[in-house]
Amino acid sequence: MTRVDRGRLTVLTADGERRVHPAPALHDPDGIDSPAVGDWVALRGELAVAVLPRRSAFTRTVAGRTSAGQVVAANLDLVLVVDALAGPTRARRVERYLAVAWASGATPVVVLTKADLCDDVPAAVAAVAEDAIGVDVLAVSAHTGEGLDALRALLGEGRTAAMVGPSGVGKSSLANALAGAEVAPTRDVREADGRGRHTTTSRELHLLPGGALLVDTPGMRELGLYDDEGVDTAYADVAELARECRFRDCEHRTEPGCAVAAAIDDGRLDPARLLGWRKLQAEARRQELRADARARAAEHARVRALHRAYRTQPTRVR
Ligand SMILES: Nc1nc2c(ncn2[C@@H]2O[C@H](COP(=O)(O)OP(=O)(O)OP(=O)(O)O)[C@@H](O)[C@H]2O)c(=O)[nH]1
Ligand SMILES: [Zn+2]
């Protein structure tokens, strides 16, 4: 599946691209099981009749009051957490995206763009790598081509990757550089023709020359945490220290025997990382509370509907 529009799916088949409709059975009001970009579907005629089991799912919170999860991309092997080497270093921002990426079940890779604008690339990479525990960190430039081969090697044939990262860091430029064609309109192009990104109905999954698939959906660009699954993986150092605290419910503030505070005191842990961890934990907790409230509301509505259906039934023979 390369694209989902209202009621229509774009799929790549052995015979090329096609537009099909999802069978009614594939419609899931909660969104989680509805076909998403990156899904493999079985076709019967003009209908997509089944979604094959997913290896991974990148979920985001749907904007608004509800906390419904929405699968933005399915079956990702890699999530490229993209940030730019221009401007101030943004370790906390990278960590936030890493937490979301870990929760998806795919392997995150940090890709630092605009290497051509950075005076000391190795130092900048090392600074990010220090906090991106267990994650490869690559520096690339879409303008000079630096680092692209290393990234291509990582993508490999038949693997599916997606990009996440703040606006303007060079995701579209990177997609174009990898594809060797203008598959995504960059900010420069969009400004030149005065149109927004969403005006074109572009494919959201690109087949790259090396045989890798690159997902580029607008939905991946504004991320919310769906649950706290990825937070402790992104902050493995803090999470591990926290397990050594004397009290299991330690808040890591003034409690005696706090391993986190001790690590900060003797310089083993950057206090900014504890702050980042706290913020993400809090955000994830808020999401979970909202999800609970939503589940209760849905159950309530279901019971009400059942009662209504019961009342309007013709009198049954006993
Ligand atoms: N010097 C330099 N500039 C770059 C590089 N990659 C992208 N840029 C510039 O950075 C700006 C933003 O690039 P885009 O590719 O549009 O960024 P994006 O992340 O897709 O932005 P959104 O579409 O808003 O999410 C443009 O002006 C690009 O020309 C690079 O490797 N080097
Ligand atoms: Zn503690």
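With respect to Gly168, is the statement that it is out of contact with any His (no Cβ under 9 Å at 6 or more places or on another chain) and more than 17 Å from Lys114 (Cβ to Cβ) true?
On the way: out of contact with any His (no Cβ under 9 Å at 6 or more places or on another chain): yes; more than 17 Å from Lys114 (Cβ to Cβ): no.
So Gly168 does not fit the description; no.
Any residue at all in region 38-47 that is open to solvent by 60 Å² or more (accessible area, probe 1.4 Å) and modelled with pLDDT under 85? There is no residue in region 38-47 that is open to solvent by 60 Å² or more (accessible area, probe 1.4 Å) and modelled with pLDDT under 85. Just so you know, in region 137-174 the residues that are assigned to a helix (DSSP H, G or I) and touching a Ser or Thr at 6+ places or on another chain (Cβ under 9 Å) include one that is surrounded by the fewest Cβ atoms within 10 Å (Cβ to Cβ), and it is Leu148.
The values are calculated or read from the model by the stated rules, or taken from the named source; none is laboratory data. In this text, all values refer to a predicted model and were calculated from it rather than measured experimentally. Note that each Cβ is placed from the backbone with ideal geometry, even for glycine, and that neighbours are counted across all protein chains shown. When the accessible area is computed, the model is the full protein with side chains, heavy atoms only, and any ligands, DNA or RNA have been set aside. Shrake-Rupley method; radii C 1.70, N 1.55, O 1.52, S 1.80 Å.
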